[in-house]
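The values are calculated or read from the model by the stated rules, or taken from the named source; none is laboratory data. Given the structure is predicted, the values throughout are model-derived calculations rather than measurements. Note that we place each Cβ from the backbone using ideal geometry, even for glycine, and neighbour counts take in every protein chain shown. Heavy atoms of the whole protein, side chains included, go into the accessibility calculation; ligands, DNA and RNA do not. Shrake-Rupley method; radii C 1.70, N 1.55, O 1.52, S 1.80 Å.
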Amino acid sequence: MPQKPFVSAQEVAERAGVSRSAVSRTFTPGASVSPETRRRVVEAAEALGYHVNHLARGLMRNESGIVCLIVSEMSTPYRANLIRAMTQQLQNAGKIAMLINTDRSDSSVDLALRQAIRYRADASIILSGMPDRSITQLCLKNGQRLVLINRDDDQQGPLRINLDDAEAAGRVVTAFVRAGCRRLAFANSQAGTPSLMAREHGFVVAAKAMGLPVLVERHGPTGYESGRVLAQRLLTLDERPDAVFCATDLLACGFMDAARHQFRVSIPDQLCVVGFDDIEQAAWSSYDLTTFAQPVELIAGEAVAWLVNESGQEPVRQSVRFQPDLVWRSSVRGG
């Protein structure tokens, strides 16, 4: 069957016996229209099934209301939670979220940003990859606002939202030392993102400041299976670590399962483990993982508030840094 076309404002005007501009004023907040005209227009709109075409109205003002979320690994618990918070706050602000799935390569992010430009998106929030400077400049030249989350980019224009990963890593070293641990290790993926590498670097620097060496092991994507492999590598050494800081909770969950079931290591009696992200699984009794909670709602709120700034002036703030909260559980002695 042929699809019924959308009802136009002109059809509503003809049914209500008013002008086309009267229909527009009726559905424009704050516009002047008499009560009788409003009643007739609303009744006609309801009878015809009319809805305001916000896309067309926005394009007339050179605004689409679309905000692209450019994401990879969206199935991971942390990423899914951040997407949930972002889309909810964008909807509350009257924006439409367009989700674009990418891998971590610059070429993939480049393609995603060019799609956003073609759809006349007002802004993009990049949760994945680190686009080349020329790519972000292209978006800025096309009038887009950009938000970069947990990315390392010092150019002017985008809003950069980061965590103080290095400071958090320093707190982990202190916790391990207080628990009596002296053989430290850092378990990381090979993703090499700025946030993961900042945690690794901060941990190594803080440990060396206390005179403690750190074993660093990296493997594969940032997921559960990589955690299992990392445990196999570190726990087959002649001298096993007695404390491991995992770059994410998913790595930590895989690491802990391998440690307990393959190597019969008792946590935290023989091995202390800390993760990062505070995903739902971290609180499960089988893990009870000490970890850092990313302030997801604050990150989403800061991004959306910056994007929907309606003051008429360019936002002054270009960089925001949050402190993650340490969530103590039983995977560290004395926690």
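Observations
- Strands (runs of 3 or more DSSP E) fully within segment 235-335 counting 3 or more residues that are surrounded by 22 or more Cβ atoms within 10 Å (Cβ to Cβ) and out of contact with any Leu (no Cβ under 9 Å at 6 or more places or on another chain): none
- ARG145 vs. criteria surrounded by fewer than 20 Cβ atoms within 10 Å (Cβ to Cβ) and of a type in the set (Lys, Arg): no
- Look at (1) open to solvent by 10 Å² or more (accessible area, probe 1.4 Å); (2) assigned to a helix (DSSP H, G or I); (3) under 19 Å from LEU99 (Cβ atoms) and you find that ALA166 fails only one, number (3).
- Looking across segment 173-210 at every residue that is open to solvent by 40 Å² or more (accessible area, probe 1.4 Å) and touching a helix residue (DSSP H, G or I) at 6+ places or on another chain (Cβ under 7 Å), the one that is farthest from THR290 (Cα to Cα) is identified as MET210.
- Of the helices (runs of 4 or more DSSP H) entirely within segment 8-116, those holding at least 1 residues that are of a type in the set (S, T, N, Q) and modelled with pLDDT of 75 or more occupy 9-16, 20-26, 35-48, 77-92.
- Flag if GLY301 is closer than 18 Å to PHE176 by Cα and within 21 Å of the chain's Cα centre (by Cα): no
- For segment 216-225, the set of residues classified as under 16 Å from VAL274 (Cα atoms) and either part of a loop (DSSP other than H, G, I, E, B) or open to solvent by less than 70 Å² (accessible area, probe 1.4 Å) (or both) consists of VAL216, GLU217, THR222, GLY223, listed by residue number.
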